[in-house]
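Since every read-out is calculated from the coordinates, none of them should be taken as a lab result. Since this is a predicted model, take the numbers as computed values, not measurements. Note: ideal-geometry Cβ built from the backbone for every residue, glycine included; neighbour counts use all protein chains shown.
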């Protein structure tokens, strides 16, 4: 008899079974006599897998073997900045001395407060902002915080504004954020050169404009050359300028949103500052503001007292809170460690090599790239080939494909961001994967991938017949 | 590493020769020539951050964190610490998991998808509700999202969420910000000896009630005894019953579906994550009726081209990257890795371990309260209820002064009123419970 | 690629079609629309008895990667909805002008149907 685990490991036609397929054990909850609670306050039973530690170790190890990661190979997802996550940052974040409860009295957690204070300062300097909150737990939460700050600012000045202007090519979060904050979205069509069209902006800006949300370089890697005029137009109308920090990696040490006229920005530390994406999170989305908006920041902020100690305070006109406590603490420690490790020279080199890598990779591709000059990322087009199919074929060539079919201003877009961590050799092989997949037959790209843990997955079946837990699976499924 | 630019990023691997040949291929002299930044907005100053060696950064941070007072915490109120077995770190820190991105290419991310599918399944089992997403940021934002869901479902009639007066201030502040843009209102009902005051709740409920929110256990540690009656108040007014709880409480206390919960929110980071300054893992589970209103990511099962079971993110049209301003939420990056940790921890405990840990949470709170109660100067628990993990202590002396003295004895507890402390006991601090009792005694004297 | 544009129907610029038997107006989306959307996974329709208004949305059709509003070509009361779509949304892809129909409306002004795009005009639009 072949042992289960051996069979599943070596037979590629079988995958790792679900925990529930390995075991299901029902534990009845004790009744009044033996249990600590009366029966009407408890559930009847719990049915879950009951497995030994070795079985669990093998289960998750096997799952990890069916997962691509930045340490598996190139991960050039445009707008995602998939950088190597330095190992030592995990160790500093695991320091038991930093593992404290958020309600501890400030005088007993001076070390943690010092880190928060210094990270506020670091991020402020890097973005050219006067004050920073670390509370938002992700980029979208940062956007929400920023737009709430804009809203509070306008309300404080007796200015009820109803619109947020967003370029059509912006991240989906921008639109959803503005809407969640209660604003109407005014979508800005792109100009012929892929950047903001000043005439379209002129037409969109009005006394109803609360803010313009902008990514710079934008979502196809182009720098908004007219940023000073854009800022003037928005400010003249009484609006605020919001910077989406997703693409900050292109500018580290070379240009700062604060110097371009932006009033509010968020930082995606899981992109720019190399904290791990964790399969979808946690990230952190600190928000920086100019001095005029400092008093609206979420509570608490950290300041240094004259005697050198640190304390928390609530800004005078604070918008309140966007996270139940103080955000994704472990991620913030890793952010600090990364910035401290790189320093000025390292940050400047990161943006240099990120832009060099994107441009070099682009130069090696057979695909057309309609817009430029681009910085840390570029949007190639697969033309009459389906970008999603080309991407699936790339999986067979041992690389992760780029972001596909977005932004829509580039047809069949393949938005590619190799980041600074790839070597020339790695970029050459990435280019080869691109070119081979792009040149492959229709049949080959449509049936790809074949060398992955799963072949092409039926998305329509998943959505038409949602099966969202092991309870929803048929016994033979 | 000598071939690399000495002052550059240690994580940019370019040799001088490679950089040169790449620049030549691009027909430029330096990387700076590739930038298209107008001179008037270029930054040519210094940030003033000194690069440090790895060892120096580690030393700096170790020294910084050593400035924190080393206190044994008996703290909870929404952020709990349970002993996290070593296997959680070792498995979750595998690079294949922690350094991966959102599973937009499911064919090469089956492992993480399956782990998240299993996490969702555990929540489905524990809540009794058929839909659970693969995470929100924390309990506060999960409550806020549940309220917005209720507002959408009741968009033509109900616009008010009813919350307990004891709702933790931080949670309430987040809720206020989320409902601000939706035009919804928050109203507060009273509490009676720690649990919901049904008369107070019924008095403010009405046709404008979109949702009623209650917690089990409550923020003061009591176990709610009227969940079905609270649900009835919500349902009689065509509102939703939103129940706040946590992963461990779910293993023992009444199953949410059986008491009429429409949405379950709360913290799942009671498992898998050590105390981490408030970092969380928001639970979001609901009924099938509201499937298309669910915020955040969902993992579903499907088939691959060879007809084998496979997992994928699904129903993504709810989400911001497709539906933009009409999305159910703006959430994108979530807490996936924390969910992985919680799932590994829950799997390691198994149903026996979960139930036993949850039962200990009741027993230990009860016995610790009884011991403190015996000391002159304290009454514990303040509420004549069953407790889960934590309870409130009445102090004859001002509570802040007692807490200060307990800190000098090496213990941290919550001050929740002029004469009220709150104490939380879990398997992490239970071995120090006797010393805590001794400290309470010492301080009282 | 050419798309089916049946002669016996009328069309909206937003890719809905109508056909009428003088009593009720039947509504669906075109072959072109279903192809643009890709695999349809979900259709949200009003209930029988609801009122729909010409030029306003009456529902939503979703594919895996896109969401599209459905616009009513006429004003009137919904007398039938194609409930088969709730279990088999793929009917919209497989047979957009037949089994993939969506609504039947008792139109206030049945002649309003005639004012919509002719097959030729619609075919020119999607060319």
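Ratio to report: Rg/Rh of segment B:137-222, with Cα atoms as the point set and Rh obtained by the Kirkwood method; give two decimals.
On the way: Rg = 12.4 Å, Rh = 13.0 Å.
Here Rg/Rh amounts to 0.95.
Starting from the Kirkwood radius over alpha-carbon pairs of chain C, derive D by Stokes-Einstein at 4 °C in a medium of 1.567 mPa s and give it in µm² s⁻¹. Don't jump to the answer; show the numbers that get you there.
Details: Rh = 14.2 Å.
My calculation gives 91 µm²/s for D.
Hey, what's the per residue convex hull volume over the C-alpha atoms of segment A:94-157, in cubic angstrom? Provide the component values of the computation, followed by the final result.
On the way: hull volume 8.7 nm³, N = 64.
That works out to 136 Å³ per residue.
What number, in percent, do you get for the relative contact order of chain C if the mean sequence gap of Cα pairs under 8 Å and at least 6 apart is divided by its residue count? Please list the in-between numbers first.
Details: 287 pairs, mean separation 40.3, N = 127.
Over chain C, the number comes to 32 percent.
Taking neighbour Cβ counts within 10 Å as the exposure measure, how do A:143, B:165 sort from fewest upward?
Numbers: A:143 31, B:165 12.
Exposure proxy ranking, most exposed first: B:165, A:143.
Working only with C-alpha atoms, what are the Rg and Dmax values of segment A:296-411, expressed in angstrom?
Cα radius of gyration and Dmax of segment A:296-411 are 21.9, 66 Å respectively.
Taking each pair of different alpha-carbon atoms in segment B:16-60 once, compute 1/r for the pair, average those values, and report the inverse of that mean as the Kirkwood hydrodynamic radius in Å to one decimal. Don't skip to the end; give the middle numbers.
Working: mean 1/r = 0.0722 Å⁻¹.
The Cα-based Kirkwood calculation yields 13.8 Å.
Residue B:374 versus residue A:187, label points 7 Å from Cα toward the beta carbon: distance in nm?
So the label points at residue B:374 and residue A:187 sit 7.0 nm apart.
Considering every pair of different Cα atoms, what Kirkwood radius, in Å, is found for segment A:87-341?
Details: mean 1/r = 0.0542 Å⁻¹.
This gives a value of 18.4 Å.
At R0 = 22 Å, how high is the FRET efficiency between residue B:198 and residue B:420 if r is their beta carbon distance? Nearest 0.05 is fine.
Values: r = 24 Å, r/R0 = 1.08.
So, using R0 = 22 Å, E works out to roughly 0.40.
Separation of segment B:369-407 and segment A:171-246 by C-alpha centroid, Å?
55
Could you work out [θ]222 nm for chain A from helices alone, using -39500 (n - 2.57) per DSSP H run of at least four and dividing by all its residues? Round to the nearest 500 deg cm²/dmol.
On the way: 16 runs with 174 residues, N = 477.
So the helix-based figure for chain A works out to -11000 deg cm²/dmol.
Between residue B:288 and residue B:401, what length in nm is gained on full extension when 0.36 nm per residue of separation is reduced by their alpha carbon distance?
Numbers: separation 113, 0.36 × 113 = 40.68 nm, distance 5.05 nm.
Going from the current span to full extension adds 35.6 nm.
When you take every Cα atom in segment B:142-184, what is the radius of gyration, and what is Dmax, the widest Cα pair distance, in Å?
My reading of the Cα-based Rg and Dmax gives 10.1, 29 Å.
Using DSSP, restrict attention to beta bridges with both residues in the protein assembly as shown and report what percent are antiparallel, rounded to the nearest 5. Can you show the working numbers first?
On the way: 83 of 118 bridges.
Beta bridges within the protein assembly as shown, antiparallel portion: roughly 70 percent.
Which log10 I(q)/I(0) values, to two decimals, does segment B:292-433 give at q = 0.11, 0.17 Å⁻¹ under the Debye formula with one point per Cα?
Relative scattering, expressed as log10 I(q)/I(0), comes to -0.68, -0.95.
Would you work out the Kirkwood radius for the protein assembly as shown? I mean one over the mean of 1/r across all pairs of different Cα atoms, in Å.
When all Cα pairs of the protein assembly as shown are included, the Kirkwood radius is 30.0 Å.
Could you tell me the calculated FRET efficiency between residue B:229 and residue B:93, based on Cβ-Cβ distance and R0 = 41 angstrom, to the nearest 0.05? All intermediate terms of the calculation are to be shown ahead of the outcome.
Values: r = 45 Å, r/R0 = 1.10.
Step by step, r from the Cβ atoms, then E = 0.35.
Just checking the output field for A:233-242: average partner chain Cβ neighbours within 10 Å of each residue's Cβ? Could the numbers behind the result be given before it?
On the way: counts 0, 0, 0, 0, 0, 0, 0, 0, 0, 0.
Average per residue, whole number: 0.
Order by neighbour count: A:336, B:104, fewest other Cβ atoms within 10 Å first, most last. Before the final figure, lay out the partial values.
Numbers: A:336 26, B:104 18.
In order of increasing Cβ crowding within 10 Å: B:104, A:336.
Counting pairwise Cα distances across segment A:152-216, what percent come out greater than 15 angstrom?
In whole percent, the long-distance tail amounts to 50.
Roughly how compact is segment B:1-157, stated as its Cα Rg over 2.2 N^0.38 Å to two decimals?
Working: Rg = 24.7 Å, N = 157, 2.2 N^0.38 = 15.0 Å.
Taking N as the residue count of segment B:1-157, the ratio is 1.65.
Give the dimensionless ratio obtained when the Cα radius of gyration of chain B is divided by 2.2 N^0.38 Å.
Working: Rg = 25.5 Å, N = 445, 2.2 N^0.38 = 22.3 Å.
That works out to 1.14 for chain B.
Identify the residues of segment B:340-367 with backbone N under 14 Å of a label point that sits 7 angstrom from the Cα of residue A:52 along the Cα-to-Cβ direction, or state none.
Nothing falls inside the zone, counting backbone N under 14 Å.
Stokes-Einstein at 20 °C, 1.002 mPa s, Kirkwood radius from Cα pairs: D for segment A:335-477 in µm² s⁻¹? Intermediate values should be presented prior to the final figure.
Details: Rh = 17.1 Å.
For the chosen part, D equals 125 µm²/s.
If you take each beta carbon of peptide A:168-176 and count the beta carbons of other chains within 10 angstrom, what is the mean?
Details: counts 1, 0, 1, 5, 10, 10, 4, 8, 14.
For this peptide, the per-residue mean of nearby foreign Cβ atoms is 6.
Does anyone have the angle between helix B:139-153 and the longest principal axis of chain B? Alpha-carbon axes, 0 to 90°, nearest 10?
Helix B:139-153 sits at roughly 90 degrees to that axis.
Arrange the following residues from fewest to most other Cβ atoms within 10 Å of their Cβ: B:312, B:286. Display every interim value, and only then the final one.
Details: B:312 28, B:286 24.
In order of increasing Cβ crowding within 10 Å: B:286, B:312.
Please report how far the C-alpha centroid of segment B:430-444 lies from that of segment B:261-309, rounded to the nearest whole angstrom.
39
Want the number for residue A:155 to residue A:428: 0.36 nm per residue separation, take away the alpha-carbon distance, what's left? Mind showing how you got there, number by number?
Working: separation 273, 0.36 × 273 = 98.28 nm, distance 5.34 nm.
Contour length minus Cα-Cα distance gives 92.9 nm.
Counting pairwise Cα distances across segment B:271-369, what percent come out greater than 16 angstrom? Walk me through the numbers on the way to the answer.
Working: 3489 of 4851 pairs.
When all Cα pairs of segment B:271-369 are counted, 72 percent exceed 16 Å.
Which length gain, in nm to one decimal place, applies between residue A:162 and residue A:105 when the Cα-Cα distance is subtracted from 0.36 nm times their residue separation?
Working it through step by step, the gained length comes to 16.5 nm.
Determine which residues of segment C:20-43 fall in the zone a paramagnetic label at residue C:66 would reach in this model, i.e. backbone nitrogen under 20 Å from the point 7 Å along Cα→Cβ.
Backbone N within reach: C:28-43.
Can you pull the mean other chain C-beta count within 10 Å for peptide A:417-424?
Values: counts 0, 0, 2, 6, 5, 3, 5, 9.
Rounded to a whole number, the mean comes out at 4.
Does chain A classify as rounded, prolate or oblate by the C-alpha gyration tensor (a ≥ b ≥ c root eigenvalues; a/c under 1.5 gives rounded; else a/b over b/c gives prolate, otherwise oblate)? It would help to have the intermediate numbers written out before the result.
On the way: a/c = 1.70, a/b = 1.14, b/c = 1.49.
Oblate, since a/c reaches 1.5 and b/c is not below a/b.
How far apart, in nm, are the 7 Å Cα→Cβ label points at residue A:225 and residue B:32?
2.0
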